[in-house]
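Below is one structure, written out as structure tokens; the observations come after it.
The values are calculated or read from the model by the stated rules, or taken from the named source; none is laboratory data. Note that the structure is predicted; figures quoted are calculated from it, not measured. Cβ: placed from backbone, ideal geometry, glycine included. Neighbour counts: every protein chain shown.
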Amino acid sequence: MNGTDFAILAGNFGKAEQTYAAAKRVAGWGFVAAKFGWGPYGLGSVEADAEQVRAAREGLGPDATLLILLRDPNADVRAKAAEFAGQRSSVAAIPSLRRLIDDENRDVRQSAIEALSNIGDEAAVAALRAGLSSKDAKVRRSAAEALGDRRQ
């Protein structure tokens, strides 16, 4: 698995504890995201549904929420999420950060390059190399600088 694979789970996870346990199992298998098919979801209270979602996110770990934020419609949220991914050296975020190199927003593109430069993984290096062919000159320059810094 490469950090982008996700699991689809269907079942009657009636209690948040069951959802949490299932999410922990999925995370243990190497998945960073999962789609749950909750039997009681939408049939009870909003609070019960929210508890199921919280349990799933907690069980999957912090990368699950981070990957969601990297796809947020708000550019400021995407930029901050990219910054956080770099601070955490999140290998799971590399494919999303690679995609953000081509984001419509310049700040998001720059945050993605900076984040990738902080992640010590060959996939991050490959993503930085992809940044060398960006249409944005600043992204190309930042990617080149980041790759140069890695050689020192």
Self-check item: Residue check for Ala56: crowded, with 20+ Cβ neighbours inside 10 Å and without any contact (Cβ under 8 Å) to a residue 40 or more places away in the chain
Solution: yes
Quiz item: Taking into account only those residues within segment 23-47 that are crowded, with 17+ Cβ neighbours inside 10 Å and either out of contact with any Leu (no Cβ under 8 Å at 6 or more places or on another chain) or β-branched (Val, Ile, Thr) (or both), which is farthest from Arg106 (Cα to Cα)?
Solution: Trp38
Quiz item: Is it the case that segment 129-152 has a residue that's surrounded by 14 or more Cβ atoms within 10 Å (Cβ to Cβ), within 30 Å of Ala22 (Cβ to Cβ), not assigned by TED's automatic domain parsing to the domain that holds Lys35 and not polar (S, T, N, Q)?
Solution: no
Quiz item: So, in segment 59-89, of the ones that are of a type in the set (Asp, Glu) and not in a loop (DSSP other than H, G, I, E, B), which residue ends up surrounded by the fewest Cβ atoms within 10 Å (Cβ to Cβ)?
Solution: Asp76
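Every residue, every condition in (1) under 20 Å from Ala75 (Cα atoms); (2) touching a helix residue (DSSP H, G or I) at 6+ places or on another chain (Cβ under 7 Å), yes or no:
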residue	(1), (2)
Asp103	yes, yes
Asp107	yes, yes
Ala115	yes, yes
Ala130	no, yes
Asp136	yes, yes
Ser142	yes, yes
Gly148	no, no
Practice problem: Filter segment 92-108 for residues that are part of a helix (DSSP H, G or I) and surrounded by fewer than 18 Cβ atoms within 10 Å (Cβ to Cβ) and give the result. | Solution: Pro95, Arg99, Arg106, Asp107
Quiz item: For segment 110-124, what are the residues that are farther than 19 Å from Val32 by Cβ and surrounded by fewer than 23 Cβ atoms within 10 Å (Cβ to Cβ)?
Solution: Gln110, Glu114, Ser117
